[in-house]
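Worksheet: one structure, shown below.
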Amino acid sequence: MNNLATSRRSFASNPHPLKVVMVDSHGAIERGGAVQCALLAGGLAQRGYKITCIFDGVPGKFLEGAAFRKLRDDGINIIPMPLANLTGMLRFRRFLNIELPDIIHTHKNRALFFVYLATIGMKRPPWAANRGTVYPLSRNPIAYYIHHRHVDCIMAVSHAVRNCLLDDGIPEERVEVVYGSFDPRRFHPQVNRATMRRKWLIPVDTPVVGLVGSLKTPKKGHRVFLKAGKLLMQKRPHFKIVLVGEGNPSSLQALAVSLGIADRVVFAGFIEDIPAALAAMDVVVCASLRGEGLTGVVREAMAMARPVVSTDVAGNRELVVSEETGLLVPPGEPAALAQAVEKILDNPELAAKYGKRGRYRVTELCAEDVRLARVESIYQTLLS
């Protein structure tokens, strides 16, 4: 147990690369938290850290995909480990005693529970945990206890999340705001606009309003978005609605039929090339109803200088400053959403202004160099 305690080293006195083990709740790098974990791991590795990423999976099974290949190319050690059983916990315990990491960094509650249970009775290295939702911690007594008593620093993805943590009784000095980032090599204004439109069979001059979000998650507001589309059709019959995201679309397709707009709606399904999808859209909509810490697609769309209309939930207003970098509308109100989208479609100069200012703001707050500097500072504080 004492080995882990003696492994803590300050940045100034450490002649070797600092060891960080990141534990992510996912088994694939496709969505929010896993993407952010991979981006951060890659950035830290390029700055000289020795990074191990543990993902939920079968021991010894090779994790495939472009994102995992990128991590390996960056020199990151990737270990699949079952996060929900005793075998995985014992493996993690042995890993800690052998590797003696300087920092543990968890992403989402599944990883949080795993690390806590696996290390009961051990002296842990400093522990940082990401928090990406405004749901009260107190709704989950176990998560509340672990964050309160065992996590050394909570990295909130927005000030809205931070405020919720403080309201829940987490000491102010243990909560830091670290905005999620984006990959500037993928999300930029020069992405070809026509690539995805050809796939969707949409002419280049047809206005497209799109929403990116899993169809499995009702809180993304797909039904509100379609109802707003119905209102828009009454004034602008010649435009297309696109919904990008995995999940069974049948109930939403039925709603589109009942609204009389089925011929104007494209259900694109899961798309790996999200930048190409966003580039094809004239307006990117976030219709989320609740629970968001800060919607990732808002950040990515703004990085590509796409005009954004977002519901005013959680931390989205920290990026989408209404009438400056985009438009905010109340959640759950199709008429307000339709009016905001129409305002942008009717005014190309306004759309361009929102796109330009939005890109500037998201670059200023969410660029990877900005996030890496914040995380390094937090690690340094934890180790000192």
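Among residues of segment 241-261 that are farther than 19 Å from Val341 by Cα and surrounded by 19 or more Cβ atoms within 10 Å (Cβ to Cβ), those with a beta-carbon under 7 Å from a residue that is β-branched (Val, Ile, Thr) and modelled with pLDDT of 95 or more at least six positions away or on a different chain give the pairs Gly245/Val212.
Annotation for segment 362-370: at least one member residue is under 20 Å from the mean Cα position of the chain (by Cα) and closer than 25 Å to Val224 by Cβ. Of all residues in segment 165-206, those satisfying the criterion of being of a type in the set (Ser, Thr, Tyr) and under 17 Å from the mean Cα position of the chain (by Cα) are Tyr179, Ser181.
Only one of the numbered conditions (1) surrounded by fewer than 24 Cβ atoms within 10 Å (Cβ to Cβ); (2) modelled with pLDDT under 95 is not met by Glu292, and that is (1). Answer yes or no: is there a residue in segment 185-195 that is under 19 Å from Ala314 (Cβ atoms) and either without any contact (Cβ under 8 Å) to a residue 24 or more places away in the chain or of a type outside the set (D, E, K, R) (or both). No, that holds for no residue. The number of residues in segment 147-190 that are closer than 30 Å to Ala268 by Cα, in contact with an Asp or Glu (Cβ under 9 Å, 6 or more places away or on another chain) and surrounded by fewer than 20 Cβ atoms within 10 Å (Cβ to Cβ) comes to 3. Would you check if there is a residue in segment 343-360 being under 17 Å from Phe239 (Cβ atoms) and of a type in the set (D, E, K, R)? Yes; the residues of segment 343-360 include at least one that is under 17 Å from Phe239 (Cβ atoms) and of a type in the set (D, E, K, R). Just to be sure, is Arg299 at pLDDT 95 or above, under 30 Å from Thr195 (Cβ atoms) and in the same structural domain as Arg124 (by TED's automatic domain parsing)? Answer is no for this residue. Yes or no: segment 323-340 includes at least one residue that is under 27 Å from Arg197 (Cα atoms) and either basic (Lys, Arg) or in contact with an Asp or Glu (Cβ under 6 Å, 6 or more places away or on another chain) (or both). Yes: segment 323-340 contains one or more residues that are under 27 Å from Arg197 (Cα atoms) and either basic (Lys, Arg) or in contact with an Asp or Glu (Cβ under 6 Å, 6 or more places away or on another chain) (or both).
Can you pull out the helices (runs of 4 or more DSSP H) entirely within segment 290-366 that have at least 2 residues that are under 19 Å from His159 (Cα atoms) and either in contact with a strand residue (DSSP E or B) (Cβ under 7 Å, 6 or more places away or on another chain) or not acidic (Asp, Glu) (or both)? Talk me through it step by step, then tell me what you get.
Working: elements: 296-303, 334-345, 348-366.
Per the criteria, 296-303, 348-366.
Condition check for Gly358 on (1) under 25 Å from Arg198 (Cα atoms); (2) touching a Leu at 6+ places or on another chain (Cβ under 9 Å): one failure, at (1). Does Ala268 satisfy the criteria of being in contact with a strand residue (DSSP E or B) (Cβ under 7 Å, 6 or more places away or on another chain) and not aromatic (Phe, Trp, Tyr)? Criteria met by Ala268.
Residues that are farther than 16 Å from Ile29 by Cα, aliphatic (A, V, I, L, M) and either modelled with pLDDT under 95 or not in a helix (DSSP H, G or I) (or both) do not occur anywhere in segment 59-71. Determine if segment 262-269 includes at least one residue that is within 20 Å of Ile202 (Cα to Cα) and acidic (Asp, Glu). Among the residues of segment 262-269, at least one is within 20 Å of Ile202 (Cα to Cα) and acidic (Asp, Glu), which makes the answer yes.
The values are calculated or read from the model by the stated rules, or taken from the named source; none is laboratory data. Note that the structure is a prediction, hence the values are computed from the model and not measured. Cβ: placed from backbone, ideal geometry, glycine included. Neighbour counts: every protein chain shown.
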